[in-house]
1. So how many residues does the stretch 95-114 have that are open to solvent by less than 50 Å² (accessible area, probe 1.4 Å) and not in a strand (DSSP E or B)?
2. For the stretch 85-94, what are the residues that are farther than 20 Å from LEU300 by Cβ, touching a residue at least 24 places away in the same chain (Cβ under 8 Å) and open to solvent by less than 10 Å² (accessible area, probe 1.4 Å)?
3. Of all strands (runs of 3 or more DSSP E) completely enclosed by the stretch 250-324, which ones contain at least 1 residues that are more than 22 Å from TYR15 (Cβ to Cβ) and hydrophobic (A, V, I, L, M, F, W, C)?
4. Tally time: how many residues in the stretch 120-132 are more than 14 Å from ligand 1 (Cβ to nearest atom), in a loop (DSSP other than H, G, I, E, B) and not charged (D, E, K, R)?
5. Is it the case that LEU63 is open to solvent by 10 Å² or more (accessible area, probe 1.4 Å) and within 16 Å of ligand 1 (Cβ to nearest atom)?
6. Being within 30 Å of LEU6 (Cα to Cα), open to solvent by 10 Å² or more (accessible area, probe 1.4 Å) and within 16 Å of ligand 2 (Cβ to nearest atom) narrows it down to one of PHE138, PHE124, so name that one.
7. Which is of a type in the set (Asp, Glu) and part of a loop (DSSP other than H, G, I, E, B), of ASP154, ASP117?
8. Residues TYR255, TYR251: which one is away from ligand 1 (no atom under 16 Å from the Cβ), in contact with a Leu (Cβ under 7 Å, 6 or more places away or on another chain) and hydroxyl-bearing (Ser, Thr, Tyr)?
Amino acid sequence: MPKKPLLEFTDKGIYCAAGNFYIDPWKPVDYAVITHAHADHAYFGHKCYLAHNLSREVLLYRLGEIQLQTIPYGKTVNKDGVEISLYPAGHVIGSAQVRIAYKGEVWVVSGDYKTEDDGISTPFEPVRCHHFISECTFGMPVYKWKPQVQIFNDVNNWWRGNVEHGLATVIVGYSLGKAQRVLQNLDLSIGKVYTHGVIENTNEALRRNGVILKPTERIIFESAKEEVRKGIIIAPPSSVGTPWMRKFQPYSFGYCSGWMAIRGAKRRRAADRGFVLSDHADWDGLLSAIDATGCESVYLTHGYTAPFTRYLNEIGFDAHEVHTLYGDDEGEDASPQPSPEERESRENNEIANQVLSIGEDLGEAGKDAI
Ligand SMILES: [Zn+2]
Ligand SMILES: [Zn+2]
């Protein structure tokens, strides 16, 4: 009889029977190891949580009073003889890959990750393993990120131009990760940084956790309109098209997301500017990360799982597509509403037509890309 694998994919999430714990489960369990604090990975209702030190305050802010143990990268927790340790995923502040070792067998669960050093999250570190469970949100060759310094030059130039033209500047990115990454790369000689309440709450949680962020000012009802107009306003995706945003008129509105790489995405968001900025690995990043693990087999949890799995098998990996409820934190704010499933299906539907032809050519195009 073949040996039972150390990790299994169940209807509650990724499960380790030997240690009796789950990784990023989406239904209530006794013991949950959490890769990062985005809503599709960190659900409410578990008895015990284990996460990285830098996820602590954001998890408490988002989930309320929970029983939470936090550890630094590299430290091992022993659960029923199974070793659990966390390694940097480079996705957002506090994000971790989970390494699970038992009787000489090593698995790594990536959570969400990116390979570019964003200057604010601890940079991604490849971890050797036998079996790698990876995301592939942007697992298509068309997704190839430019260095962030180029993107932030564009952002700062756009902001400067708006000030010259008397327009307010609203930049949208999700509240945990993108918002702080944008903030840290803004040129504050241009003006002040204002924040939507959801983003400022997250900033405050991170500051409580010892993270040093550039100064920000929460927008309140009384905020002086002319002053705000000279600054830049960081807002979450959920604020797009709301009266809250309209009160800054006239304004220019920029959207930061990996999806902006696809023609038409900017128009659908009704954005004036689309900045191709993602906290997920691009095509090359995914391939290099998977390769660096030296793994025997790889499991793809979310994103372009079907074509990406097919491609990995074509180039000689033992790759498997698995079903999970992890969603898309690039398109929408990673707050509890709407559900990850809704977000995922909506995003996938939106871009399905655009990438169909790319998907059909994936084999050839992909080979060119690496
Ligand atoms: Zn995420
Ligand atoms: Zn995710």
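1. Of the residues in the stretch 95-114, 6 are open to solvent by less than 50 Å² (accessible area, probe 1.4 Å) and not in a strand (DSSP E or B).
2. LEU86, PRO88, VAL92, GLY94
3. Output list reads 251-256, 273-275.
4. Selection size over the stretch 120-132: 7.
5. So LEU63 fits the description; yes.
6. Among PHE138, PHE124, only PHE124 is within 30 Å of LEU6 (Cα to Cα), open to solvent by 10 Å² or more (accessible area, probe 1.4 Å) and within 16 Å of ligand 2 (Cβ to nearest atom).
7. ASP117
8. Going through TYR255, TYR251 in turn, the sole match is TYR251.
The values are calculated or read from the model by the stated rules, or taken from the named source; none is laboratory data. Since the model is a prediction, treat every value here as computed from it, not as a measurement. We place every Cβ from the backbone using ideal geometry, glycine too, and count neighbours over all the protein chains shown. Keep in mind that these areas ignore ligands, DNA and RNA; they rest on the heavy atoms of the full protein, side chains included. Shrake-Rupley method; radii C 1.70, N 1.55, O 1.52, S 1.80 Å.
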